[in-house]
Every structure is written in C-alpha cells, then in structure tokens.
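Chemist: Just passing along the structure, written as structure tokens.
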Amino acid sequence: MDPDTDIGGAQQRFPVTNQSAIAAARSDDHVVRQRAFDTILTSYWKPAYKYIRLKWQANNEDAKDLTQGFFANAFEKNHFANYDARKARFQTFLRTCLDGFVANERKAGKRLKRGGDANHFQLDFLSAEDELAMQATQANDLNPEDYFHREWVRWMFTMSVEMLRERCQSSGRNVHFQLFEAYDLNDDDATTVSYASLAKTFNLDATTVNNYLAATRRDFRRIVLDKLREITATDEEFRTEARSLLGVDVK
Amino acid sequence: MKWLSDSKVSHLRAVVGNPDFSGTKYTFVKELARGGMGTVYLAEDTELNRQVAIKVLSTPEITEDLRRRMIREAQIIARLEHPGLVPVHDVGVLPDGRVFYAMKFVRGVRLDEYAANTTSTRERLRKFQAVCDAVAFAHAHGVIHRDLKPQNIMIGSFGEVLVLDWGVAKILRAEVSSEADTLMLPAAGTNKAGDTAHGTVIGTRQYMSPEQARGEIDQLDERSDIYSLGAVFYFLLTDQAPNDERPRTLNPKVSKPAEAICLKAMARDRASRYAGAGEMSADVSRLLDAEPVSAYRENAYEKVSRWVGKNRFLVLLVLAYLLMRIFFIFTSRS
C-alpha cells in the first residue's frame, strides 16, 4: 500500500472509537484532542484539497501548501473546538473556515511552505490529482459548495470500503468482500453481473450469494454510520447527515 | 484506495439506504414512496415469483412478544376480503430490527393523481363512494385504518378503487382472535408491550382527526376514520388538503349540501360526525342523485331548485306545453 495514504500511522488511520471527534476536539487532554484532529483531517483533507483547486483555482503546489497550512493552523489554534452545532453543519463550518484561511493567505500574498514543519501531514495528494484529472469534465457542473459535499461523500465511501476490506480480511471473510467488490464496486455495466453469475464464478448457490452480499452491505452501512457519528457533534446533526448522505432514518 | 465513480457512489448510497431483505423471501427492486410512517418498496417475492409492495416502518425496536402480536394482528387484517381493500399479505422483521409489511403491488394511480386529471366532480364522488364502501366493510369487521388520505387510495387500471396501507390499522373488536382491544400494527411510538402508546401521533396530520392529532390513541374509533374520509372529500371538492377555509370559499362551485357533508364528517366533536362510513356513503349517493342529504336542511327555494334541477327534462316539457297552449289561445282569439 502506498505509505503516503497513512495519516498518523497505519494503526491510527481509522480511529477505533466512534465517539464524536468534534466533541473530542474540545477536550483538555492533548492526546484526545490529537486523535480527534486526526479523524477530522482524515475525513476532510481530500475534499478540502480538491475544493481549493476548483474554487480558488490554485495550482497543485499551492493547493498542497494551503491544505497543509489550513489543517496545521486549525490544529495549532484548535479552531475546530469553536464549532457550534446549533449554527451550521460541521461540514459547512469547516468549508467556511477554509475559505477564510485561503482568502487571508491570498490577501497577505503569502505562500506557505511547510516542508520542514512539525505539522507536515502525510497526505496522498497524487491520488487526489489523479481523481481531479478523471473528473475534469464533471467538476464545472456544480457550484463549489456542492462539489465539496459530493467529494466528501465520495471520500467517506472510499474510506468505508477500505475499512470494510480490512475487516473482511481480518475476519477471514474474503469471499464476502470479493462478492461485494464484484457486484457493488464493479465499474462494468451492472447488467453483466448477476447473483447467478456470481454464484457460478464463486461456486456458491444464489441464496448464499444473496446472504453474503446482504451481510457485507450491512457491515458497510454500519461502518459508514460509525464514521458519520465520529464527525458529527450531536445526535440531531448525525441524523440529519445520515438522511442527507444515505437517505436513511437512524436512531 | 480504489477511486469510486459517481455511479458507484450513487449505487453505494442506494445499497446502504435500501432495506436488507436477507432472510426473507423478498428481493429488493426499487423504492416506490417515502412517508412519515415509513418507506414503501417494490420487491420480488422469490417463492411466488411476483412483485409485491413492502412497507418498512420506522420502528426502531421490537420484542419477541411484540413480533408475535403483530403477526397475529396482521393475520386478522389479511382476512379482510373486499374488492376495495388491499390487505397485508405478510409481516416480518428485517435484520436491522425494522418491521415490514408485504402487500399486493397495485398498478394504477393514486387518488390525488387521478383527481389532477379528472375534473368531473361526479366522477370523483363516485370514486369516493367506493372508498366509503371499502372503509365501511373494514369497520364492520372491527378494523379502523387510521391513515386514510389520497395517497393511500389507488385507482386501478380498470377504474377499481383500492384502499391501501392497512399497516397502521387498529383492531377495535377482535372477531377472529379471542382478544379484544389489542393493538395492531405498530408504528413509531409503539411501546414495548405492543400497544401504541397514548400520546403517540400516528397518521398524516392534515387528514387526521383532532383526537388522533392529540395522540389520544385510546379514543380512536370508526369516527376517526370518518374525519379522514371527510378530509379526503374536502380534497376532492377543492383540490387542496384540508385547511381552515370552508370548501365553498376555495371552490365556489361546491354546492351547499356537498360542503355540509364534508363539514359534518370533519366535525371536531366526534359525536357530531357520521356514525359510520356507510351513512356517509349514503349521503354522497343522495347528493349524486340530487336527493336531500341528511347533513343539510334545505329551505323551500333550495328544495324547488333541487327538484327543478333533478327533473329538468320534465320541467322543460311542461314549460313547452304551457307556451304552446298560450300561443294557441292568443292565435285563436285573433
């Protein structure tokens, strides 16, 4: 695996707790605060980078520096502790902070170079650039705010799929994930893959394919909701985001 | 990490949001409608190889006792055999704990869609009569619907009228089971014992009776459905969901007797409403036949006007005869 994708080390890439990182950002305990920050950084750095590239028309080097600078500044000054769930969604708050940061940087005519700083995060900008190249024709269809949200949703699902893969592998359910990958992540026309064809390929009966897929999707749903709970501050915000993200009502 | 295209993201959203029917005989096809009580999906019954409509309620938790009671009560509702009723075929619990009901998948249009394309009040009222008849049948068997609204009434491909979604119905008298006054099909707010908790609001607010809106579950009876029928009638007269305006204010073409039927059904005091759906249906029938309706006392002028309107052909004949007589009298004198 590309080491650049690791943020804070492989063990911390997906924080194990599903308590709210937004609430933990206010903790007096530095370790708790650091973990909360890692969660927020993991969940938002890629949409933030793409957003800077699109809305602020920054070149890739400037966008990298601005992304690094924004999160480093937010961590140093503990900006995320100022979030008030009664006023806006956290995503909106973060995007507004990001706009303010970039505007200030542009106004000051500064160009941040963070190569030697302590808060130089290991972020896989290369993959973000590859994705931007693939989306070149679609990005202009949306306003920057909708684009940010869409990329955040994509990133949430991407991370959740990766976590699902790890869980399936660690619990010896490789076939479950392979079925999920073949049916739900297959980029070919969906009509070419059916439960019957999967049953034949994997030497299973169709009912088993149905049950394996259902169980894996259930796990996937749980992972997505757990991640969502991590990055929302209140139950109400969690429910609102769940409905917005997945169209589902949750407890 | 593998990049997910827009279509894959959409697919995954659907995968996560759609119900998990594993362990049941159904497979998911697509979402049909979403409401306050739950979401209705089109699904395939793999045993009988047919499509069914499945409503998944937003009920978060269920106990074994509640599950058994729901199944028993669903069986009672499933035994309501009437051409105007689409009963529950099956009831169960999804792996995530949500309760579902399987119903016949009806191909047709909802009453509100039908009304949008049908300007004839007479046609609308005939459909409404059929609704009243179906509801009267259910009432006669001790079952009240509790969520009557245009969206729960379908006009089938042959013009037949079907009342859907008996998933939140309540059984008033247990004719089939030995227990009386047990609750039925739960919804959000159902307590652990299986009864809908007092104070729980079930239904669709614009079409629900005041007592239902107040959550007085133990006060609900046939007359609560009568109120909802009145609200549906209001919609058919005005093309609007019930509000504070009288029907004739919104649509001056509505006759006074039609408005009186509507207002009687929607009386805030339950005792002032029709005692049954059959009684309301009879009044609508009289309205269609230009007969006096029980909900409205006519003055002499209105009685004559209605009689003339009903016997227009006869009146024209008599007038023509009289004119001819007058004509002959004058011509013979000259």
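Chemist: At B:Arg312 and A:Ser171, where each label point lies 7 Å from the Cα along Cα→Cβ, what is the point-to-point distance in nanometres?
Modeler: Going from the B:Arg312 label point to the A:Ser171 one covers 7.3 nm.
Chemist: Now for a separate question. Pairs B:Lys2/B:Lys25; A:Lys64/B:Lys8; A:Lys107/B:Lys8: which are spaced more than 29 Å apart, C-alpha to C-alpha?
Modeler: Too far apart for the 29 Å limit: B:Lys2/B:Lys25; A:Lys107/B:Lys8.
Chemist: Rounded to the nearest 0.05, what FRET efficiency is calculated for B:Thr118 and B:Asp269 with R0 set to 35 Å and r the Cβ-Cβ distance?
Modeler: 0.60
Chemist: How much length is gained on full extension from A:Gln34 to A:Arg106, taking 0.36 nm per residue of separation minus their Cα-Cα distance?
Modeler: 23.1 nm
Chemist: Follow-up. Which listed residue (B:Val284, B:Val308, B:Ser272) has the Cα farthest towards the positive end of the charge dipole for the stretch B:256-327, taking +1 on Lys and Arg C-beta and -1 on Asp and Glu C-beta about the Cα centre?
Modeler: B:Val308
Chemist: Let me ask something else. Which FRET efficiency, nearest 0.05, do B:Lys25 and B:Ser157 yield, Cβ-Cβ r, R0 22 Å?
Modeler: Efficiency, from the Cβ-Cβ distance: 0.25.
Chemist: Follow-up question, since we're still on this one. Which lysines have a Cα lying under 26 Å from the Cα of B:Lys264, excluding residues fewer than 8 positions away in the same chain?
Modeler: Cα-Cα hits under 26 Å: B:Lys127, B:Lys149, B:Lys170, B:Lys253, B:Lys256, B:Lys303, B:Lys310.
Chemist: What ³J(HN,Hα) values, in whole Hz, does the Karplus curve 6.51 cos²θ - 1.76 cosθ + 1.60 give for the stretch B:225-239 when θ = phi - 60°, with x put for Gly and Pro?
Modeler: Running phi through 6.51 cos²θ - 1.76 cosθ + 1.60 with θ = phi - 60° gives 5, 4, 4, 5, 4, x, 5, 5, 4, 4, 4, 5, 7, 10, 6 Hz.
Chemist: What nm distance separates the two modelled labels at A:Phe202 and B:Arg79, each placed 7 Å from Cα along Cα→Cβ?
Modeler: Computed distance between label sites A:Phe202 and B:Arg79 equals 4.3 nm.
Chemist: Once you place label points 7 Å from the Cα toward the Cβ at B:Ile326 and B:Asp218, how far apart are they in nm?
Modeler: Here the answer is 7.0 nm between the modelled labels.
Chemist: Net charge near A:Arg154: determine it from the other residues with C-beta under 11 Å of the C-beta of A:Arg154, scoring Lys and Arg +1 and Asp and Glu -1.
Modeler: Computed value for this residue: +2.
Rule-based calculations on the coordinates, nothing more; no lab input. Since this is a predicted model, take the numbers as computed values, not measurements. Using ideal geometry, Cβ is built from the backbone for each residue, glycine included, and neighbour counts are taken over all protein chains shown.
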